[in-house]
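Inspection log for the structure reproduced underneath, given as structure tokens.
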Amino acid sequence: MFDLISKRSANLKNDVLAGLTAVLTLIPEAVAFTFVAGIDPMMGLYGSFFIGFITAVFGGRPAMISGAAGSMAVVTTAFIIMFGLEYLLAAVVLTGVLQVIFGALKMGKFIRLLPHPVMLGFVNGLAIVIGMAQFGQFKENVRVVYDKQHDMFTYAGDWMQLTSPAMLTMMGLIALTMAIVYFLPRYTKAVPAPLAAIAVCTALVTFTPLESKLVSDVVHTQRTSMIEKEIITENFAAIKNQVPHGQYSEVAQNIALERPTDAQITAKWQANEAQKVAEGLKDTIDPLDGSLKGALPSFHFPQISWDLTNSDSLDALITVIMLALILSSVGLIETLMTLSLIDEITQTRGQGNRESVAQGSGNILSGLFGGMCGCAMIGQSMVCLNSGGRGRAAGIATALFMLVFILFFPSLIEMIPVASLIGVMFMVVIATFEWSSLRLFGRVPKSEIFIIIVVSTVTVLLDLAVAVGIGIVISALVYAWNSAKEVRIQCSDESQTQKTYQVAGSLFFGSITSFKEGFNPHNDPQKVCIDFANARVCDQSGIEAIHGLSVRYKALGKTLYLRHLSPESAQLLRKAGDLVEVNIVEDPKYPVANDAMA
């Protein structure tokens with residue numbers, strides 16, 4: 001299949017049609033990912049437009065689709081609850097700045113250091129996290145509660161009854177969606193399977209007595225809950241200084257139980273709107289109607305506190321920086337992984353550093369215009385390729401079609417059943433998870449299986465960036481341990497006056513113990529030569545090991561010589577200067593006669 005795909009060339013008509021197909025699968029996923037992050041769906045749509053357009057025009061990989069991604073959404077879930085929207089937008093902008101710096105410093109080459117087991121663990125962990133996040137939609141009666149363990153207000157809900165009509169309808173729509181996505185491509189690929197599944201489920205809910213939670217219902221719940229949390233937090237902050245520390249939890253819980261009325265929510269929303277109007281910003285959507293009112297996004301610099309003398313503000317700023325580091329790392333890893341995959345499929349080569357700069361620029365604009373963070377999307381990129389997209393026009397068309405839907409057809413998104421989006425996301429999870437990794441047990445070294453399990457587990461329990469970092473560290477330690485065991489020392493020539501040792505392998509911090517144990521200075525003759533023809537000195541530990549060995553021979557009145565050092569190893573020893581006492585035997589060089597010597 002890859003050979004057939006790679007032989008296609010860029011064509012404007014094919015690129016535009018591929019962009020239309022890709023956006024039809026991108027819109028429902030972008031909305032679904034905002035539910036995962038707990039933010040307004042318009043943020044996902046705006047973010048997908050800005051990031052998709054900038055990367056399509058200026059990026060380093062034509063036909064690669066970028067937008068609001070699940071890997072970024074799962075990272076921001078807890079953050080938005082703790083610090084609110086403005087700090088999230090600040091983190092999105094800083095994420096873009098870090099990605100631009102990453103690309104400008106040409107650090108894209110470091111993706112080569114990502115071991116395959118780490119990539120498998122990353123993908124599997126991401127699939128599990130996205131799947132787990134969907135279960136939040138099976139809750140009702142969402143309300144603000146006080147989390148004593150983390151000392152903050154958060155959201156909670158009650159699980160639907162398993163046999164309730166709402167749950168049975170929801171499960172039925174999820175099953176129908178997954179069946180259509182799975183079976184339809186076997187009969188026709190003229191219509192994207194996720195789009196067909198969403199259309200069928202939407203028609204069932206719209207034109208039959210079936211009732212199920214719609215996107216507009218979830219939007220209404222999220223917007224209302226966000227304002228409730230803002231009111232409750234302000235009410236608690238007003239009396240916090242008067243409450244004894246031991247009673248914080250009890251008082252906070254009581255305030256959370258006193259849920260704001262619709263009038264209070266409306267008043268708070270109007271106050272926020274008045275502030276925005278005073279700042280010259282456009283008004284946004286009423287939280288009580290759940291609509292996705294189509295409008296062009298307006299510029300909005302994140303309003304956060306810069307008071308470093310305030311401990312809460314300082315903690316928030318530090319958390320913003322940490323979140324930006326995580327988001328930029330996750331986004332770049334997923335983007336460079338996707339870029340490598342498309343390179344392999346199309347038998348071309350993308351520019352990772354250029355893509356990093358473009359993605360960072362897109363995230364900066366997204367944050368400044370009220371959008372969420374994003375990166376390259378493997379699923380949509382594959383849809384684009386399979387639809388014939390090859391040039392930059394494919395990505396540009398995807399972004400422009402996204403804007404058209406936002407401005408003119410938002411009602412089509414509002415009427416989608418949430419169960420259908422959950423079904424699509426479950427199929428994304430199934431497609432994302434590397435099932436082939438389960439067949440590796442017993443076929444690859446146990447260390448690699450261990451790395452896959454650790455990275456997947458840490459991804460689920462902590463976050464993606466930390467998981468990848470831990471995986472790389474473990475992989476490096478395993479490699480160092482295995483390399484340390486490969487150092488071999490044997491005697492190749494010995495007489496009464498001279499002895500030669502042959503060294504094979506890499507001399508570095510992990511192998512110096514074995515290296516030292518391979519020599520016997522007390523029993524060796526007056527002259528000892530170490531042949532490094534099949535070895536290499538790699539680091540300061542190796543230099544120190546050679547120096548220590550030289551000192552031992554010198555203390556016994558014997559001389560140690562080094563031969564056949566590689567140019568890099570010899571240069572490393574010369575740079576060490578007086579840090580090491582060794583005698584390097586220069587091998588004779590025999591120049592080839594040419595006209596210059598004549």
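Bear in mind these aren't lab numbers, they're just calculated from the coordinates by the rules spelled out. Quick caveat, the model's predicted, so the values are computed rather than measured. Every residue, glycine as well, gets a Cβ built from its backbone with ideal geometry; the counts of neighbours run over all protein chains shown.
Worth a mention:
- Radius, Kirkwood style, for region 150-196 when every pair of distinct Cα atoms is counted (Å): 13.5 Å
- Coordinate range along principal axes, alpha carbons of region 65-224, Å, largest first: 58, 50, 27
- With R₀ fixed at 25 Å, the C-beta to C-beta distance from SER436 to MET167 puts the FRET efficiency at about 0.15.
- Loop trypsin sites (Lys or Arg not before Pro), region 137-213, which have at most 13 other Cβ atoms in a 10 Å radius of their Cβ (DSSP): LYS148, LYS189
- Shape call, region 341-499: gyration tensor on alpha carbons, a/c limit 1.5: prolate
- Put a dot 7 Å past the Cα of MET322, heading toward its Cβ, do the same for ARG443, and the two dots end up 4.0 nm apart.
- If R0 is taken as 22 Å, the Cβ-Cβ distance between ASP158 and GLU258 corresponds to a FRET efficiency of 0.75.
- For region 230-259 versus region 311-366, the gap between their alpha-carbon centres in whole angstrom: 38 Å
- Per residue, the convex hull volume that the Cα atoms of region 487-585 enclose (Å³): 82 Å³
- Per-residue [θ]222 nm for the chain (sum of -39500 (n - 2.57) over DSSP H runs n ≥ 4, rounded to 500): -20000 deg cm²/dmol
- Mean projected area (nm²) of the alpha-carbon convex hull when region 2-432 is viewed from all directions: 22.1 nm²
- The chain - share of DSSP beta bridges that are antiparallel (%, nearest 5): 50 percent
- Percent RCO, i.e. relative contact order, over region 487-585, from Cα pairs under 8 Å lying at least 6 residues apart: 27 percent
- Dipole of the chain, positive end: most advanced residue of ILE318, ASN520, ALA393 [Cβ charges, Cα centre]: ASN520
- With the convex hull of its Cα atoms as the shape, region 437-483 has an orientation-averaged projected area of 3.3 nm².
- Cross-link pairs exceeding 25 Å in C-alpha to C-alpha distance, out of LYS499/LYS554; LYS109/LYS485; LYS516/LYS554; LYS240/LYS268; LYS446/LYS485, comprise LYS109/LYS485.
- Helix 352-368 vs. the chain, principal-axis angle (Cα, 0 to 90°, nearest 10): 30 degrees
- Spin-label model, SER249/ALA295: points 7 Å from Cα along the beta carbon direction are separated by 4.3 nm.
- Once the Cβ-Cβ distance of THR208 and LEU113 is raised to the sixth power relative to R0 = 45 Å, the FRET efficiency obtained is 0.25.
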